[in-house]
Amino acid sequence: MLAKMSDTNSAAIPMLAPEPLARKTWSTRVFSLPVALGLLLVYLMLFVSAGGRVVRSLVDPDVWWHLRNASELVRTGHFMRADSYTFTVAGKPWINFEWLGELPYYFAYRWLGDGGLYLMLFLVAAAILVGIYCLGRLRSGSWTAAFFATAIGLLLTTVSLLPRPLLFGWLFLVIEVGVLWSFQKGRDFSIALPLLFLLWINVHGSWFIGFVLMALFVACGFVEGSWGNLDAVRWTPAQRRKLLVVAAASFAALFVNPYGWRLVVYPLDVAFRQKLTVEHVAEWGSLDFHSPRGKIVVMVLVLLAVLQLVRRRRWMLQDAAFAAVAVYGAVTYVRFLFLMAILVMPLLAMDFRNEKPKEARDYRFICGLVIVALLGMIARAYPRETQLQAGLAEYFPEKAVAWVRSAAGRGNLFSNFNWNGYLEWQAPEVKELIDSRVDIFVHAGVMDDYLRATKVDGTFGVLDKYGIRYVLLPREYPMAYVLGHSTEWKQTYEDGQAVGFERVR
């Protein structure tokens, strides 16, 4: 039977031999290998996500209605409680469950345009990546091991390196996991968790994942035992009381939001009532193991298995639970590859570490040169405004905005699901059929009608049902072909990317 964990819980996680206690100067800390490796990770993120003449990092259909939401909040001072963007669900109840996460992007865009939007994305993404790197160091005791694990994790995070409130949710998850693992190692920052959840509930629905992980973390400390290479250590009475109080305070903090209990139960609405969202939004699809990211997941799982056989390290029950949640989430919904990067990569770093202590040497000069070079490479790789605009113009119907505006007040518009948020931002005077918020349209049945129309399954019936006079679609859509060969519709716009139709009778 395992010995009970002390209040510091130092025995819970295997640690490297303590480093010498020599005082480090500022130059030793700044011009160091950990800083150089951290900057290299940031450069790799830029290279992977923003490489090339055309940068597609801002190509997210949701960012534009997020900007519209934030603009309305700033302009009116009131939180959205009903739809006002479309003609199909206008006036129906709707809660903006990401309102706080939208504001940083809005102000960045307002002050610096497309470049500001990318700057906010870059800063948050870099903070997440560096956070995973620090988690790897926390668990492995080695910056080098943490670097290699995080570099693999970077390839998983590219699934949603886009300007969306979800990124703030992932950043909060990194912070939460750091607090929990620090508590397990005797450094108690748990008092910060209620405040974290107070912010998180107003930023994104991913708070639900964080709360489930906290519940698992606490629950695993209520058992004690050893099963093969799996160990469980019971919390001391003081630890147990502290964690239960913090969990209760965190739960209470969830209700400090503009929408009350409705915002707290929203993740359950997504899970159980928004079936079309899960079925037709790509990020909610299952992981394709033939895709590059799918192969990376297989590689990570094989690495974990092989290294476990070689090193035979013991796993804490909390770690096994976190890894199981992350792997299940990643293979079930591709968007949760990010979750796997946050939870599994630091655990993988534990198997990458070198158990033999190395002789301490002064590499400040070499590290300083490397850091300066990396800063120059980051500045060179950082995308220019023209690259950002080229990416936007390639995906969104920038040229068609004038045609869309000309339809304002003259009839209902049917346009591409992925374009509508952009059109809501660029032409707010035009009311649309649907946009990528999805939830409210699923409940009203509009999403189902939109899908039938675009799949050419009762297209004309749907257009008649909603009194559509104008249609804007990508030129390669089957629906565009059908309308182009109909005597009831006339093509009145074309720019090589989009085609526009007007009802003639």
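FYI, it's all coordinate maths here, none of it is from the lab. Note that the coordinates shown come from a computational prediction; the quantities given were computed from them, not determined experimentally. Positions of Cβ are generated from backbone atoms using ideal geometry, with glycine treated the same way; all protein chains shown enter the neighbour counts.
Cross-link pairs exceeding 28 Å in C-alpha to C-alpha distance, out of Lys295/Lys399; Lys92/Lys490; Lys92/Lys465; Lys295/Lys455, comprise Lys295/Lys399; Lys92/Lys490; Lys295/Lys455. For Leu473, nonlocal amide neighbours, meaning residues 5 or more places apart or on other chains whose placed amide H falls under 5 Å from its own, are Val499.
Extension gain Arg262-Thr76, at 0.36 nm per residue separation less the Cα-Cα distance, in nm? Could the numbers behind the result be given before it?
On the way: separation 186, 0.36 × 186 = 66.96 nm, distance 2.21 nm.
Contour length minus Cα-Cα distance gives 64.8 nm.
Largest first and in whole Å, the equivalent-ellipsoid semi-axes of segment 65-115 read 22, 11, 9, each the square root of five times a Cα gyration tensor eigenvalue.
Would you mind checking the tilt of helix 364-381 against the longest principal axis of the Cα atoms of the chain, expressed as 0 to 90 degrees and rounded to 10? So the helix axis and the longest Cα principal axis differ by about 10 degrees. The 3J(HN,Hα) values that the Karplus relation (6.51, -1.76, 1.60; θ = phi - 60°) gives for segment 214-231 are, in residue order, 5, 4, 5, 4, 5, 4, 5, x, 9, 10, 9, x, 9, 10, x, 9, 10, 10 Hz. Gly and Pro appear as x.
Counting beta carbons within 10 Å around each of Thr76, Thr158 and listing the fewest first gives the order Thr76, Thr158. Ordering Ile440, Leu463, Leu451 by Cα displacement along the dipole of segment 396-503 toward the positive end leaves Leu463 in first place; charges were set at the Cβ atoms of Lys, Arg (+1) and Asp, Glu (-1). Less than 5 angstrom separates the built amide H of Thr492 from those of Gly500, Phe501, Glu502, all sequence-distant by 5 or more or on a different chain. Exposed loop sites, defined as GluC sites (Glu not before Pro) outside DSSP H, G, I, E and B with at most 14 other Cβ atoms within 10 Å, are absent from the longest region of the chain, namely 1-354. I'd like the FRET efficiency for Trp111 and Asp362, computed as 1/(1 + (r/R0)^6) with the beta carbon distance as r and R0 of 45 Å, rounded to 0.05. According to the calculation, E is roughly 0.60.
Enter the angle in degrees (range 0 to 90, nearest 10) between the Cα long axis of helix 33-50 and the first principal axis of the Cα atoms of the chain, meaning the one along which they spread out most. The angle comes out at about 20 degrees. Among Trp94, Trp489, the order by Cβ neighbours within 10 angstrom, fewest to most, reads Trp94, Trp489. Computed from the Cβ-Cβ distance with R0 of 30 Å, the FRET efficiency linking Phe222 to Arg312 stands at 0.65. Evaluating 6.51 cos²θ - 1.76 cosθ + 1.60 at θ = phi - 60° for every residue in segment 393-400, the Karplus couplings come out as 5, 6, 9, 9, x, 4, 5, 8 Hz, glycine and proline recorded as x.
Taking segment 95-352, how much of its Cα-Cα pair set, in percent, is spaced more than 26 angstrom apart?
Numbers: 14108 of 33153 pairs.
The share of Cα pairs beyond 26 Å in segment 95-352 comes to 43 percent.
Can you tell me which of 150-157, 262-269 comes out highest on packing, and rank the rest after it, using the mean Cβ neighbours within 10 Å? Don't skip to the end; give the middle numbers.
Details: 150-157: 22.6, 262-269: 16.0.
Ranked from most to least packed, the peptides come out as 150-157, 262-269.
The H on the amide N of Ile434, modeled in the peptide plane, is under 5 Å from the matching H of Ser415, each at least 5 residues off or on a different chain. Overall, the chain carries a charge dipole of about 1340 debye about its Cα centre when +1 sits on the Cβ of Lys and Arg and -1 on the Cβ of Asp and Glu, all other atoms neutral.
Put a dot 7 Å past the Cα of Glu385, heading toward its Cβ, do the same for Ala238, and the two dots end up 5.8 nm apart. To the nearest ten degrees, helix 292-311 and the longest principal axis of the Cα atoms of the chain are 10 degrees apart. Based on Cα atoms of segment 396-503, Rg over Rh with Rh as the Kirkwood radius reads 0.92.
The residue list Ser142, Leu123, Tyr266 was ranked by how far each Cα lies along the charge dipole of segment 95-352 toward its positive end, using unit charges on Cβ atoms, and Ser142 comes out on top. Here the label points at Val30 and Lys92, each 7 Å from Cα along the C-beta direction, are separated by 5.7 nm in the simple model. For Tyr481 and Arg410, what does the FRET efficiency come to when R0 = 25 Å and r is the distance between their Cβ atoms, rounded to the nearest 0.05? So, using R0 = 25 Å, E works out to roughly 0.50. Taking the square roots of five times each eigenvalue of the Cα gyration tensor of the chain, the equivalent ellipsoid has semi-axes of 46, 26, 21 Å, listed largest first.
In units of the compact-protein estimate 2.2 N^0.38 Å, segment 168-237 shows a Cα radius of gyration of 1.22. Converting phi to 3J(HN,Hα) with the Karplus coefficients 6.51, -1.76 and 1.60 and the offset θ = phi - 60°, segment 158-166 yields 5, 4, 8, 7, 9, x, 9, x, 3 Hz in sequence order, with x at every glycine or proline.
By the count of neighbouring beta-carbon atoms within 10 Å, fewest first, Ile209, Ile175 end up ordered Ile175, Ile209.
How compact is segment 392-451 by the rule of thumb for globular proteins, expressed as Cα Rg over 2.2 N^0.38 Å?
Working: Rg = 11.7 Å, N = 60, 2.2 N^0.38 = 10.4 Å.
With N residues counted in segment 392-451, Rg over 2.2 N^0.38 Å equals 1.12.
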